[in-house]
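Just below is one structure, and these are the notes that go with it.
The values are calculated or read from the model by the stated rules, or taken from the named source; none is laboratory data. Bear in mind the structure is a predicted one, so any value in this text is a computation, not a measurement. Cβ sites come from the backbone with ideal geometry, for glycine too, and all protein chains shown count toward neighbours.
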Amino acid sequence: MRLPFARRRAAAPVPEPEPMPLHTPGSAPAPGTVPLDAALQIARDALARHGDANVHSRQGMYFAALDYDHALRLLVVALDHPQDS
């Protein structure tokens, strides 16, 4: 005696995610926005810290990329939202 097996349903298509911008100029400043001179100093420190990083070190490049990304984002926010000193 053969048992009837249920037929598999076709997989439903996965909807594409909505693209979101990383930063929208003109929006309210993010909490913790730093003044331009502080953001510039953070970027200079990141450049000095990772200036001699080994490009063949995956871990070194990973941490340098994270540090540079953070510094660049701080600079962009500081430039888009100038604060009175």
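Tallying residues that are at pLDDT 90 or above, aliphatic (A, V, I, L, M) and not in a loop (DSSP other than H, G, I, E, B) within segment 3-58 yields 8. The residue pairs whose first member lies in segment 66-85 and is in a helix (DSSP H, G or I), whose second member is small (Gly, Ala, Ser) and modelled with pLDDT under 90, and whose beta carbons are closer than 7 Å, counting only pairs six or more residues apart or on different chains, are Val77/Ala30. Selection within segment 43-85: residues that are among the charged types (D, E, K, R) and over 15 Å from the mean Cα position of the chain (by Cα). The member of this set that is farthest from Pro21 (Cα to Cα) is Asp52.
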